[in-house]
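The structure under discussion appears below in the form of structure tokens.
FYI, it's all coordinate maths here, none of it is from the lab. This is a predicted model, so every value here is computed, not measured. Using ideal geometry, Cβ is built from the backbone for each residue, glycine included, and neighbour counts are taken over all protein chains shown.
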Amino acid sequence: MAITKSVSELISLMFEDVAIGDELPEIVKKPDTRQLVMYAGASQDFVAIHYDQNVAQEAGHPKVIIHGALKSAWLGQLVTTWMGVNGRLLELDVSYRAIDFPGETLTCIGKVIDTRIEDGVGLVELEIGLNNSEGASSTPGRALVSLPTRAAN
Amino acid sequence: MTTSPSSGDTVISEKLRSFIGLESIAVMYEIERHAVQRFACAIGDTNPLYTDREFAQATSYGGVIAPPTFLRSLLPGDYPKLYPEPFAHILDGGSKYRYNEPVRVGDRITVVRKISDLFEKHGRMGTMLFKISEINYTNQESRLVAVQTTTTITYGMGEKDSGVGDH
């Protein structure tokens with residue numbers, strides 16, 4: 001299940017193709033401090049615990065930490081890559097339960113926990129999260145997406 | 001961790017409490033394709049919907065869109081009065097996004113934030129202030145495209161880290 005398909009291959013993911021228990025193709029991230037600086041610039045988040053060792057230590061961290069919002073971005077990528085260009089992301093909830101550090105290998109995982117049709121729209125609910133190098137979940141979340149239905153076509 | 005009793009030693013002063021429901025000064029952003037490209041590159045997302053005009057036009061979106069959490073880069077404005085942040089350090093607790101439609105390159109998005117709740121907890125880091133904020137993103141056609149609800153945690157005394165109080 002760890003193979004990440006390209007977006008174009010997933011262009012036709014349909015509601016009927018999805019079942020409860022399905023796992024999303026994992027996305028693995030190995031962020032370095034350079035990526036944190038890139039994210040700081042791109043997101044305008046210049047809180048110094050993400051790039052200044054001294055500030056991070058004064059705030060009680062062993063070293064600089066990954067932006068929580070960057071972890072959210074990766075979980076968004078997990079879901080949108082899986083659903084393809086005809087899906088729509090409706091809800092994305094992410095909790096930063098534990099901090100993560102550059103240099104770690106972080107794995108974004110997800111699975112289908114519910115499928116239902118509401119007002120003719122195919123809705124799929126996902127449990128998502130990010131596991132750290134030890135395999136512990138640091139960043140649980142959930143998402144709701146809509147997918148096209150064959151019935152509607 | 002326990003929620004503190006509403007006793008006299010709370011950090012949530014009347015002045016701080018007066019920020020609940022207060023709207024930030026609206027800020028409008030023009031969504032520029034290079035900003036979207038830089039964001040997608042920074043998070044390591046190679047989805048052509050965010051960068052490839054021809055590809056995106058051929059999809060149901062009809063044009064280049066921004067990644068879902070690109071909204072983070074559209075910083076809300078200040079409150080009309082100075083927010084009296086009591087603590088020095090900041091941690092992001094999480095975000096909940098509700099999307100009505102994607103942000104598109106070329107959109108003009110107006111951002112308004114308001115604090116919906118303030119509460120404190122006591123833990124390993126001492127007293128921590130939890131701030132729940134709701135950020136509304138409205139496009140040039142006055143449609144609410146998304147809402148982000150954030151939890152911001154501040155804690156600890158001393159010199160304020162740069163950026164504390166902005167989030």
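Per residue, how big is the convex hull around the C-alpha atoms of the stretch A:45-153? Give it to me in cubic angstrom, could you? Please report the intermediate quantities before stating the final value.
Values: hull volume 11.9 nm³, N = 109.
Dividing the Cα hull volume of the stretch A:45-153 by its residue count gives 109 Å³.
Hand me the trypsin sites (Lys or Arg not before Pro) from the stretch A:69-153 located in a DSSP loop with no more than 10 other Cβ atoms within 10 Å, in residue order please.
Qualifying residues, ordered by number: A:150.
How big, in percent, is the set of alpha carbon pairs in the stretch A:91-153 lying more than 20 Å apart? Mind dumping the intermediate values first?
Working: 777 of 1953 pairs.
When all Cα pairs of the stretch A:91-153 are counted, 40 percent exceed 20 Å.
Working from the alpha-carbon coordinates of the stretch B:100-167, get Rg over Rh, Rh being the Kirkwood radius.
Working: Rg = 15.9 Å, Rh = 14.1 Å.
Reported Rg/Rh, Kirkwood definition of Rh: 1.13.
Starting from the Cα gyration tensor of chain B, multiply each eigenvalue by 5, take the square root, and state the resulting semi-axes largest first in whole Å. Please report the intermediate quantities before stating the final value.
Values: eigenvalues 250, 55, 34 Å².
Calculated on Cα positions only, the semi-axes equal 35, 17, 13 Å.
Please work out the Cα center distance from the stretch B:61-140 to the stretch A:79-153, rounded to the nearest Å.
Going from one Cα centre to the other spans 20 Å.
Starting from a Cα-only point model with no solvent, please compute log10 I(q)/I(0) by Debye for the stretch B:58-117 at q = 0.21 1/Å.
The computed values of log10 I(q)/I(0) come out as -1.07.
On a 0 to 90 degree scale, rounded to 10, what angle separates helix B:33-43 from the longest Cα axis of chain B?
So the helix axis and the longest Cα principal axis differ by about 60 degrees.
Using only the Cα atoms of the stretch A:14-64, construct the convex hull and provide its projected area averaged over every direction, in square nanometres to one decimal. Please list the in-between numbers first.
Details: hull surface 24.7 nm².
Average projection, Cα convex hull of the stretch A:14-64: 6.2 nm².
May I ask you to list the GluC sites (Glu not before Pro) in the stretch B:24-56 that are in a DSSP loop and have at most 16 other Cβ atoms within 10 Å of their Cβ? Display every interim value, and only then the final one.
Details: sites: B:30, B:32, B:54; in loops: B:32.
In loop regions of the stretch B:24-56 (DSSP not H, G, I, E or B), the sparsely surrounded GluC sites (Glu not before Pro) are B:32.
By how many degrees, between 0 and 90 and to the nearest 10, does the Cα long axis of helix A:68-83 differ from the longest principal axis of chain A?
20 degrees
Counting pairs of Cα atoms in the protein assembly as shown, how many percent are more than 26 Å apart?
Details: 24427 of 51040 pairs.
Cα-Cα pairs in the protein assembly as shown separated by more than 26 Å: 48 percent.
Who wins for biggest fluctuation among A:109, A:66, A:49 in a Gaussian network model of chain A, springs between alpha carbons below 10 Å?
Answer for the Gaussian network model of chain A: A:49.
For residue B:139, what charge total do you get from the other residues with a beta carbon under 13 Å from its beta carbon, if Lys and Arg give +1 and Asp and Glu give -1? Provide the component values of the computation, followed by the final result.
On the way: positive: B:104, B:108, B:143; negative: B:30, B:101, B:107, B:141.
Result for the neighbourhood of residue B:139: -1.
At a 10 Å Cβ-Cβ cut-off, how would you order B:157, A:83, A:38, B:125, fewest neighbours first? List each step's numbers first, then the result.
On the way: B:157 11, A:83 22, A:38 19, B:125 16.
Sorted ascending by nearby Cβ count, the order is B:157, B:125, A:38, A:83.
Mind checking the stretch B:57-144 for GluC sites (Glu not before Pro) that DSSP puts in a loop (not H, G, I, E or B) and that have at most 16 other Cβ atoms within 10 Å? If you can, show how the numbers build up before the last one.
Numbers: sites: B:120, B:134, B:141; in loops: B:141.
In loop regions of the stretch B:57-144 (DSSP not H, G, I, E or B), the sparsely surrounded GluC sites (Glu not before Pro) are B:141.
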